[in-house]
1. Which residues, counting only those in the stretch 466-477, are buried (at least 21 other Cβ atoms within 10 Å of the Cβ) and either without any contact (Cβ under 8 Å) to a residue 40 or more places away in the chain or within 14 Å of residue 427 (Cα to Cα) (or both)?
2. Does residue 390 qualify as being crowded, with 19+ Cβ neighbours inside 10 Å and either within 30 Å of residue 258 (Cα to Cα) or outside the structural domain of residue 427 (by TED's automatic domain parsing) (or both)?
3. Out of 168, 195, 223, I need the residue that is surrounded by fewer than 21 Cβ atoms within 10 Å (Cβ to Cβ), in contact with a strand residue (DSSP E or B) (Cβ under 9 Å, 6 or more places away or on another chain) and either free of Cβ contacts under 8 Å to residues at least 12 places away in the same chain or assigned to a helix (DSSP H, G or I) (or both). Which one?
4. Specify which of the listed residues (181, 245) is at pLDDT 95 or above, surrounded by fewer than 21 Cβ atoms within 10 Å (Cβ to Cβ) and in contact with a helix residue (DSSP H, G or I) (Cβ under 6 Å, 6 or more places away or on another chain).
5. What pairs come out if I take residues in the stretch 643-659 that are exposed (fewer than 13 other Cβ atoms within 10 Å of the Cβ) and pair them with residues that are in a helix (DSSP H, G or I) whose C-beta lies under 8 Å away, six or more apart or interchain?
6. Taking only the stretch 245-275 into account, find how many residues are within 19 Å of residue 190 (Cβ to Cβ) and either under 24 Å from the mean Cα position of the chain (by Cα) or in a loop (DSSP other than H, G, I, E, B) (or both).
7. State the number of residues belonging to the stretch 431-446 that are in a loop (DSSP other than H, G, I, E, B) and surrounded by 23 or more Cβ atoms within 10 Å (Cβ to Cβ).
8. Pairs please, first residue from the stretch 1-30 and on the phi > 0 side of the Ramachandran plot and surrounded by 12 or more Cβ atoms within 10 Å (Cβ to Cβ), second anywhere and assigned to a loop (DSSP other than H, G, I, E, B) and at pLDDT below 50, Cβ atoms under 6 Å, 6+ apart in sequence or on different chains.
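The values are calculated or read from the model by the stated rules, or taken from the named source; none is laboratory data. All values reported here derive from a predicted model rather than from experimental measurement. Cβ placement follows ideal geometry from the backbone for every residue including glycine, while neighbour counts extend to all protein chains displayed.
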């Protein structure tokens, strides 16, 4: 009898291996295999990553040897790499290119991952090993970086609740799990409100006042939304702010403005008011479990500021002068409106429009005149050129590199000598699948625990794309945003540390904005503008007269900008300074807090609470960080001015060594002093904003 071939079993005919579970190469050009990754891959990959991580932690906990730096701290630093690999792709996609499938996975796995990490961080066996090392730290012969890593592991576990009793630890875990669920819902609700709203403009009357660059972007947005031949304003900041600045149609400005500030507060399934109230109550409870009176006190205890009082001192000082300046600005806007026959008064949807009129009248400066000289490609080139001049970096675009969306551009980053530094991805255009705002993230952090692992860094923006076949033209604020986020990117790319946990931007929240806000300064330097601000059609440089007008108007409307920001920071601090944990009425709390600080009626806080994603995410009781860092960034750039050259090599070397490359290898106050030699002064920040002589 002839032997028949075996029928392949269901198991042997399994689907191809999950690309998320393969350990990707870590060479300088090894990107995630984006083209092979599907939403269905994430659930099994997350489960496998968590299993592997639990096994690694268990091995450390059961190690019978005396705790040492290598068998405890180094082992912990090496653990969880597979899970980090999966999460690095997933969370970037959720933010930049979400789909219903990915959002469902986020709702499912966010609490599971929170529970996973909380359980491991509260494992008493792991904490006992680290506590022993901490108590013997002076006898371990550790260098400065290793001592800092040990310190951060110990401090972070204590702050996670490692010293709590069993019942308290259980509650900490429950809180973390619930917060992850609420945070995912909050972010998805904001995205849904942004996706669901657009204002279609039908004819020339609706376009009154809009410059051609904004018309072109609105035409492209309408076409993408299925309305060819019309124009669309979206809730992407570059779209709606441009419309509010230039549209002569007050009725349409009001409609767009009200939709913009109502995100997350429209009632129904996407309303965030109850979600935020629960987030605040849970964070307050977590802080009290750890012995702090409020979440603000808990959060700031591990920041540069240290106390809510230090933050209040800064914000209150700035608030007083900003409100006074904004009042004078409002009076000037009202006078300009009356001259034009508009006696309706200045409402929040009028401010940007009339400010632009006053700017043009006072400085003969029209912001729209800048756009033809600020093409996206030119501003990317300018940001790269500054990085080359300061830090010796070179950028080569990789046209055929893997990417997660067709809009994404990829560059190889090297030193001048050709040594690998990392890979940089730029994702610049608004789309319905992308969260609003602008941010830097990473697919891989730099470290040296497994050879020289180079970073993979991404910048995500929401610029309004130019018309088909036309370049994308930016406002000056857009260009500043590009430089800001690229400053964050350089913080990740230039990282030069051994341990992943202190790599790149893994620094104190009120220090992390220093490299980004500092980098903005170079955009405004004459050397950069003369070289890169060129007309997109003729190639002619920006006229000197326009450059001078730009500089003269640099601090125009700073009262408004400072009030808009500082109000958000003050309300954030008030929100997380609730002592008793009682549930709040979000909108009533916001109104009362604004009344208490004397918010001008004509200005709305930059982010209203129902869409204030910063303070639901990593900036809870931390939005002040931008201004705290601005105090430092103004003083840091002054070091170059004192040297007489914005590209002074000696100053740039110190900046790279102690700020951009150092990660969290030092206490941030020490890092600052190593660079600048003295504490920062708030006077430099006030002068930069034009709020002090």
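1. 472
2. no
3. Result of the check over 168, 195, 223: 223.
4. Exactly one residue qualifies, and that residue is 181.
5. 650/643
6. The total comes to 15.
7. Of the residues in that region, 2 qualify.
8. none
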